[in-house]
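A short write-up of the structure that comes next.
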Amino acid sequence: MEFTGFGVVGGGQMGNGIAHVAAMTGYEVTVQDISEAALDRARATIESNLGRQVKKEAISAADAEAVMGRLKFTTELAALRDCGIVVEAATENIDLKFKIFENIANTVSRDTILATNTSSISITAIAARTQQPDKVIGMHFMNPVPVMKLVEIIRGLATSDETYAAVDAIAQKMGKTTVVSRDMPGFIVNRVLMPYINEAVYALYEGIASVEDIDTAMKLGTNVPMGPLTLADFIGLDTCLAIMEVLHGGMGGDSKYRPCPLLRKYVEAGWLGRKSGRGFYTYGG
């Protein structure tokens with residue numbers, strides 16, 4: 001399935017990363033968000049990341065300029081009408097994603113692939129909000145998108161073989177390695193990762209060890225590159241909590257998926273990690 005137009009809904013951390021890689025692959029990319037301020041931040045982030053690649057001599061200055069030339073930023077959903085694929089990369093909120101997919105489906109062609117970057121929410125439930133559930137699929141990129149090689153592909157109950165094959169080919173063209181998951185809460189990565197992070201928060205909550213010692217123990221004891229609490233701050237504690245709530249609810253209230261009360265308390269305080277300047281660690285200043 002060949003096309004040129006690649007749409008991204010949401011210019012945040014994941015959205016601008018997806019747009020960056022898609023434009024580097026050669027696609028004409030349209031990034032849509034609800035405000036000019038959000039789009040300005042997305043543009044600045046992509047420019048900064050491209051500049052970093054130029055400095056490392058991974059790409060040339062001419063390459064970076066060409067990538068920016070393939071990017072368009074807009075607040076108008078109608079600008080996505082001619083895209084062959086649209087990837088939604090909004091906040092991990094089920095009601096928001098339902099609304100976005102209803103709006104996208106009513107805007108684009110019946111032949112447009114509608115992918116979601118959700119890290120935990122049911123693809124089947126999202127697809128049911130559209131008139132073309134066979135075109136809806138999960139395309140879960142990892143953060144940071146330009147660096148991480150994995151894309152989880154998740155087929156909903158109605159996702160067609162044609163849609164799956166097209167998305168698998170697109171991801172591989174973007175230089176990614178793909179894995180396929182059943183449409184179950186958390187899919188593969190977050191089904192394993194989030195309970196691990198949540199258990200590290202419980203270890204802190206129960207006074208087993210300090211933040212630093214928990215992270216050091218896991219880094220040196222299991223050879224992971226980043227401790228679980230550092231990783232939680234990087235992901236965003238609000239996102240971690242949202243995924244744990246999806247897991248807890250989707251797995252019938254199984255207590256092993258119960259979000260740690262300390263995680264919930266930090267989110268209530270606005271201590272969301274790197275993006276807010278404070279989480280389990282303090283950043284900036």
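Please treat every number below as a calculation from the coordinates, not as lab data. Since this is a predicted model, take the numbers as computed values, not measurements. For neighbour counting, all protein chains shown are included, and Cβ atoms are generated from backbone atoms with ideal geometry for every residue, glycine included.
Using the Cβ-Cβ distance between K265 and T177 with R0 set to 45 Å, the FRET efficiency works out to roughly 0.75.
Each of N143 and N106 was given a label point 7 Å from its Cα along the Cα-to-Cβ line. The distance between the two points is 3.0 nm.
For F234 and E57, the difference between the fully extended length at 0.36 nm per residue and the C-alpha to C-alpha distance is 61.1 nm. DSSP loop (so not H, G, I, E, B), at most 13 other Cβ within 10 Å: list which GluC sites (Glu not before Pro) in the range 55-116 pass both filters. Filter output for the range 55-116: E57, E76. A convex hull fitted to the Cα coordinates of the range 5-181 yields 95 cubic angstrom per residue. Computing FRET efficiency as 1/(1 + (r/R0)^6) for L157 and T91, where r is the C-beta to C-beta distance and R0 is 25 Å, gives about 0.55. Neighbour counts of C-beta atoms inside 10 Å place D134, D40 in the sequence D40, D134, starting with the fewest.
Checking every one of the GluC sites (Glu not before Pro) in the range 177-278 against DSSP loop status and a limit of 12 other Cβ atoms within 10 Å picks out E206. Between helix 237-250 and the chain there is an angle of about 90 degrees, using the helix long axis and the longest principal axis of the Cα atoms. In order along the range 78-86, the Karplus-derived 3J(HN,Hα) couplings, from 6.51 cos²θ - 1.76 cosθ + 1.60 at θ = phi - 60°, round to 4, 5, 8, 4, 9, 6, x, 9, 10 Hz, and Gly and Pro are given as x.
Shown is the FRET efficiency for T75 and T4, computed with R0 = 22 Å from the Cβ-Cβ distance and rounded to the nearest 0.05: 0.50.
Once a ≥ b ≥ c are taken as the square roots of the eigenvalues of the Cα gyration tensor of the range 189-275, is the result rounded (a/c under 1.5), prolate (a/b larger than b/c) or oblate (a/b not larger than b/c)? Since a/c reaches 1.5 and a/b is larger than b/c, the shape of the range 189-275 is classed as prolate.
Neighbour counts of other C-beta atoms within 10 Å: give me V147, V54, V9, V180 arranged from fewest to most.
Neighbour counts put them in this order, fewest first: V147, V180, V54, V9.
In order along the range 259-268, the Karplus-derived 3J(HN,Hα) couplings, from 6.51 cos²θ - 1.76 cosθ + 1.60 at θ = phi - 60°, round to x, 5, x, 5, 4, 5, 5, 4, 5, 4 Hz, and Gly and Pro are given as x. Sorting H20, H140, H248 by the number of Cβ atoms found within 10 Å of their own Cβ, with the fewest placed first, yields H248, H140, H20.
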